[in-house]
1. Determine, yes or no, whether SER28 is closer than 26 Å to ASP3 by Cα and either among the basic types (Lys, Arg) or out of contact with any strand residue (DSSP E or B) (no Cβ under 8 Å at 6 or more places or on another chain) (or both).
2. Say whether the condition of being over 14 Å from the mean Cα position of the chain (by Cα), charged (D, E, K, R), within 22 Å of HIS9 (Cα to Cα) and modelled with pLDDT of 95 or more is met by at least one residue in the stretch 26-37.
3. Taking only the stretch 1-59 into account, find how many residues are out of contact with any helix residue (DSSP H, G or I) (no Cβ under 8 Å at 6 or more places or on another chain) and acidic (Asp, Glu).
4. State which residue pairs qualify: first residue more than 15 Å from ASP13 (Cα to Cα) and inside the stretch 98-109, second residue exposed (fewer than 12 other Cβ atoms within 10 Å of the Cβ) and of a type in the set (A, V, I, L, M, F, W, C) in any location, beta carbons under 8 Å apart, and separation of 6 or more residues or different chains.
5. Does the stretch 62-85 include one or more residues that are out of contact with any Cys (no Cβ under 8 Å at 6 or more places or on another chain), more than 23 Å from ASP8 (Cβ to Cβ) and surrounded by 16 or more Cβ atoms within 10 Å (Cβ to Cβ)?
6. Suppose we filter the stretch 23-43 for residues that are assigned to a loop (DSSP other than H, G, I, E, B) and more than 19 Å from GLU106 (Cα to Cα); how many remain?
7. Within the stretch 3-22, is even one residue part of a strand (DSSP E or B) and under 13 Å from the mean Cα position of the chain (by Cα)?
Amino acid sequence: MLDKAFADHFAADWIASWNSHDLGRILSHYTDDFEMTSPVIIKVAGEPSGTLKGKENIRAYWAKALQLVPELHFELVTTLIGVNSITLYYQGVRGLSGEVFHFNQEGKVTKAYAHYTQSV
């Protein structure tokens, strides 16, 4: 199980990374083969499953998304800790959002699932 210190550090750094718009910094939280699922992937990447796998595929998707939303800014609301997973609730450009992160033994994200209160 992940501890509160790890969860708090991850949450603060993840939010700061996105707010910096620095893709290298953002991607540093993830394994090379991580998988991302989001309804935004359907719209922005044109992938009907809503899932992308691999850091390079997701880098291209996030680069495009950051270009489409240059004012992107997240504010952390709360962090929930699970078994080898964390859920971040944050305020973003789509309103209240939740993202679930699954971690490997090295503390890197292997899978992430994004959820939004507003339709994409």
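1. When the stated conditions are applied, SER28 passes them.
2. yes
3. Qualifying residue count, the stretch 1-59: 6.
4. Sorted first by the residue in the stretch 98-109, then by its partner, the list stays empty.
5. Yes, the conditions are met somewhere in the stretch 62-85.
6. Residues meeting the conditions: 1.
7. no
This table checks each residue for (1) within 17 Å of GLU35 (Cβ to Cβ); (2) part of a helix (DSSP H, G or I); (3) at pLDDT below 95; (4) among the hydroxyl-bearing types (Ser, Thr, Tyr).
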site: ALA65; (1), (2), (3), (4): yes, yes, yes, no
site: HIS73; (1), (2), (3), (4): no, no, no, no
site: THR79; (1), (2), (3), (4): no, no, no, yes
site: GLN91; (1), (2), (3), (4): no, no, no, no
site: VAL100; (1), (2), (3), (4): yes, no, no, no
site: LYS111; (1), (2), (3), (4): yes, no, no, no
site: GLN118; (1), (2), (3), (4): no, no, yes, no
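The values are calculated or read from the model by the stated rules, or taken from the named source; none is laboratory data. Because the structure is a prediction, the values reported are computed rather than measured. Glycine gets a Cβ as well: all are built from the backbone with ideal geometry, and neighbour counts include every protein chain shown.
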